[in-house]
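The structure appears right after this line, and notes come after that.
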Amino acid sequence: MLAAASVICLVLLITGLLVISLIYEFEKSLPFSAGVALGYVSSAVKLILMEKSINMTLDMGEAKSKAAAPVASLLYFARFALTAAVLAFAFIFPHICGIFGTIAGILSLQLSAYTANFFLKKQKPDNFDNLNDLSEDDDEEDEDNTDKIL
């Protein structure tokens, strides 16, 4: 997902620079590029934190998962606070990091998630047809058992 986010970020960067230079200069090129980079780095850090949080929760057993809930909540808050801090930095120092570039960099993670979901839905497992055949066989067996009971 990180690779998809970097490709989307690169596309957003190129598109944004083309719009800035050819159509409308909503912010300077260098701050826009720095904002995209800052937004992408924060998205990458959030993705790593999310992976650690999920793995930590899954590695614990069912009994210990209730103890992991406060830590998972804390990591969720840390990801939220990181996004808020990056956006606050972009709003306070727009000459260093462009606001639109930062938002585009942050949203690259969400766009990559939608893209990955789209491509995963298109892929069909190799044994998908076999699974359908098995479920039909199970239905026939259930009908036979029902007849025997009645």
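The values are calculated or read from the model by the stated rules, or taken from the named source; none is laboratory data. Note that the structure is predicted; figures quoted are calculated from it, not measured. Glycine gets a Cβ as well: all are built from the backbone with ideal geometry, and neighbour counts include every protein chain shown.
Out of all the residues in the stretch 90-97, is one or more within 22 Å of I8 (Cβ to Cβ), among the hydrophobic types (A, V, I, L, M, F, W, C) and either exposed (fewer than 11 other Cβ atoms within 10 Å of the Cβ) or out of contact with any Pro (no Cβ under 7 Å at 6 or more places or on another chain) (or both)? Taking every residue of the stretch 90-97 in turn, at least one turns out to be within 22 Å of I8 (Cβ to Cβ), among the hydrophobic types (A, V, I, L, M, F, W, C) and either exposed (fewer than 11 other Cβ atoms within 10 Å of the Cβ) or out of contact with any Pro (no Cβ under 7 Å at 6 or more places or on another chain) (or both). Summed over the stretch 1-19, the residues that are buried (at least 19 other Cβ atoms within 10 Å of the Cβ) and either in contact with a Pro (Cβ under 6 Å, 6 or more places away or on another chain) or at pLDDT below 85 (or both) give a count of 1.
Listed by first and then second residue, the pairs linking a residue in the stretch 23-52 that is over 14 Å from H95 (Cα atoms) to a residue that is part of a loop (DSSP other than H, G, I, E, B), with Cβ atoms under 6 Å apart and 6 or more places separating them unless they lie on different chains, form an empty list.
The set of residues from the stretch 20-29 being part of a helix (DSSP H, G or I) and surrounded by 17 or more Cβ atoms within 10 Å (Cβ to Cβ) comprises just one member, I20. If the condition is being touching a helix residue (DSSP H, G or I) at 6+ places or on another chain (Cβ under 6 Å) and farther than 15 Å from M1 by Cα, then the stretch 28-45 contributes S29, F32, G35, V36, L38, G39.
Residue by residue, here is whether (1) outside any helix (DSSP H, G or I); (2) of a type in the set (S, T, Y); (3) more than 13 Å from L107 (Cα to Cα) holds:
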residue	(1), (2), (3)
L10	no, no, no
G16	no, no, yes
P31	no, no, yes
S43	no, yes, no
K46	no, no, no
S53	no, yes, yes
A67	no, no, yes
A72	no, no, yes
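Considering every residue within the stretch 46-67, establish whether at least one is over 25 Å from A3 (Cα atoms) and of a type in the set (S, T, N, Q). Yes, that holds for at least one residue. What do you reckon, is K52 within 25 Å of the chain's Cα centre (by Cα), surrounded by fewer than 10 Cβ atoms within 10 Å (Cβ to Cβ) and either charged (D, E, K, R) or modelled with pLDDT of 70 or more (or both)? Criteria not met by K52. Condition check for A69 on (1) surrounded by 13 or more Cβ atoms within 10 Å (Cβ to Cβ); (2) out of contact with any Cys (no Cβ under 8 Å at 6 or more places or on another chain): one failure, at (1).
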